[in-house]
Structures are given as structure tokens and as C-alpha cells.
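Let me begin by presenting the structure, written as C-alpha cells, before commenting on it.
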Amino acid sequence: MRILHAENLHKTYVGLSAPVEALRGINLELESGEFVAVMGPSGCGKSTLLHLCGAMDRPTQGHLMIENQPVHDLTDDRLTRLRRTRIGFIFQFFNLLPTLNVLENVSLPLRLDGAAEREADGRAQRLLERVGLSNRLAHYPQQLSGGEMQRAAIARAVIHSPAVLIADEPTGNLDSENGANILALLAELNLETDIGILLATHSPEIASAADRIVFMKDGLVERVQVKEHVAK
């Protein structure tokens, strides 16, 4: 099932100097359970594309649909609701709140959505066990390693069972071993939950795990590489 459809996406940033065309007409689709990697040099538009597909920003031109819902028609409040319920986000720098412990960080999206403390904490605890952090529930982010912080961030990103997971350089701040572990965890979640993953990376090794690799250059799709089908 198609969960994301982007058509002719353009994004132009207007500053004090000449306008910058970050995206110049991107078409992209993501199916449920599909893992798509986006690659390209710095400045090619990878992060801009992910921000638009995650409904964190609006395109200058073009259309985006998430689960057959046109995003461009939504008010800011409804966009916030969409992000909070149907989209998960993972970033390079983890973005855990330093004043909350691991359990509180992971349960926060459910608490913000009105879930009872017992329900939110119970689900967070089960997810943290799943990602190998059952012994870190009461620890604070500064007490964790980089790999542990990213695993906690992944648990937080999927606790509300989103349809789409947006991952912007999720291994970029990790060493090769922790990066490989995070990639393995994402691949497992992709298989187990049928979540669609859209991931930006500079690493060919990380991208090789994807079903499809979209290569970008100068705000455009340069080519697409599809992995040979392997029965899951």
C-alpha cells in the first residue's frame, strides 16, 4: 500500500541574497514496509526532501500525500497532529530531552497525545526492552553512550506506531559498529512492523540495506537503484 506520494516537489529558500532552489521537481513514492535510502553530496537537497516528506515544512510548489491525505491542504494544527500520530523522526543528534530519563523521553509522544501515564510507560518499557535498553530506563541521556541514545531515539520515534519513519543521517554521529547496530535495528523494525522508512545517508554501506536507493544531485533525482527482490 502506498503511504507517501510526492509529486513535483520544489523548495526555494529566499534570503538576503539570491533565492536558493533546494529542490527542483522531485517525485517520490514510499510503500508500506518499504525501506528507501536517499543519497547524494552535501547540499543536494536530501534533508530538505525529508523535511517536506515529514510534513515539517511546506513545498514552494508540488503536492505531498501521506496515507492518501493531501498534506498541502492541512492547517498548522492538523499538520502537527499528523506528525505526532503518523510520522516518526530520527535525527543524527538524537534530540533526547536532557531533563527526562530514558523512559520519560520514550513515553513522551504518547503522553503529549493524551495517553495515561501507566499506558504510555508500559508501552515505552516494552519498546526499550526490544531495543536492548531495559537496564537504562531511569538513566538520563548524558549517562548513555551514543549508540544507546540513538536506540532510545528510535524507540521514541516508533512508540505511536507511525506509518512513515523519517531518518536523517541516523548513523552519522556514531562509530561504524554502533552505526551497523542501528541499521540492523531499523531493518528489523521495518520487517516486523511494516513501517515505511525514508532514510538519508552519505554511507553506501547504510544505503545498501534499503530496497531502493534514490541518488540526488542539485535538487533533482539523478537515478534510482532497486535492490533485487529477496523474499522476506
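Looking at region 144-171, which of the residues that are touching a Leu at 6+ places or on another chain (Cβ under 7 Å) and among the acidic types (Asp, Glu) is surrounded by the most Cβ atoms within 10 Å (Cβ to Cβ)?
Applying the filter and picking the extreme gives ASP168.
Taking the condition in contact with a Leu (Cβ under 6 Å, 6 or more places away or on another chain), surrounded by fewer than 22 Cβ atoms within 10 Å (Cβ to Cβ) and either free of Cβ contacts under 8 Å to residues at least 12 places away in the same chain or not acidic (Asp, Glu) (or both), does LEU110 pass?
When the stated conditions are applied, LEU110 does not pass them.
Look through region 175-232, keep the residues that are in a strand (DSSP E or B) and without any contact (Cβ under 8 Å) to a residue 40 or more places away in the chain, and return whichever of them is surrounded by the most Cβ atoms within 10 Å (Cβ to Cβ).
GLN225
Could you check GLU29 against (1) of a type outside the set (Phe, Trp, Tyr); (2) buried (at least 19 other Cβ atoms within 10 Å of the Cβ); (3) assigned to a strand (DSSP E or B) and say which number it fails?
For GLU29, the exception is condition (2).
For region 66-96, enumerate the residues that are surrounded by 13 or more Cβ atoms within 10 Å (Cβ to Cβ) and in a loop (DSSP other than H, G, I, E, B).
Matches in region 66-96: GLU67, LEU74, GLN92, PHE93, PHE94, ASN95, LEU96.
Here is a yes/no grid of residues against (1) under 27 Å from THR48 (Cβ atoms); (2) at pLDDT 95 or above; (3) out of contact with any Asp or Glu (no Cβ under 8 Å at 6 or more places or on another chain):
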{"site": "ALA138", "(1), (2), (3)": "no, yes, yes"}
{"site": "PRO141", "(1), (2), (3)": "no, yes, yes"}
{"site": "ALA152", "(1), (2), (3)": "yes, yes, yes"}
{"site": "VAL164", "(1), (2), (3)": "yes, yes, yes"}
{"site": "PRO170", "(1), (2), (3)": "yes, no, yes"}
{"site": "ASN181", "(1), (2), (3)": "no, no, yes"}
{"site": "ALA187", "(1), (2), (3)": "yes, no, yes"}
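Given (1) out of contact with any strand residue (DSSP E or B) (no Cβ under 9 Å at 6 or more places or on another chain); (2) at pLDDT 90 or above, identify the lone condition not met by GLU21.
The one condition GLU21 does not meet is (1).
Right, HIS51: modelled with pLDDT under 90, out of contact with any helix residue (DSSP H, G or I) (no Cβ under 7 Å at 6 or more places or on another chain) and not aromatic (Phe, Trp, Tyr) or not?
No.
Any residue in region 168-177 that is of a type outside the set (Gly, Ala, Ser), over 26 Å from CYS44 (Cα atoms) and more than 13 Å from the chain's Cα centre (by Cα)?
Looking through region 168-177, at least one residue is of a type outside the set (Gly, Ala, Ser), over 26 Å from CYS44 (Cα atoms) and more than 13 Å from the chain's Cα centre (by Cα).
Go through region 33-65 and count every residue that is in a strand (DSSP E or B) and farther than 14 Å from LEU198 by Cα.
Going through region 33-65 one residue at a time, the tally reaches 5.
The values are calculated or read from the model by the stated rules, or taken from the named source; none is laboratory data. Just so we're clear, the structure is a prediction, and the values are computed from it rather than from any experiment. Here the Cβ is made from the backbone with ideal geometry for all residues, glycine too, and neighbour counts use every protein chain on show.
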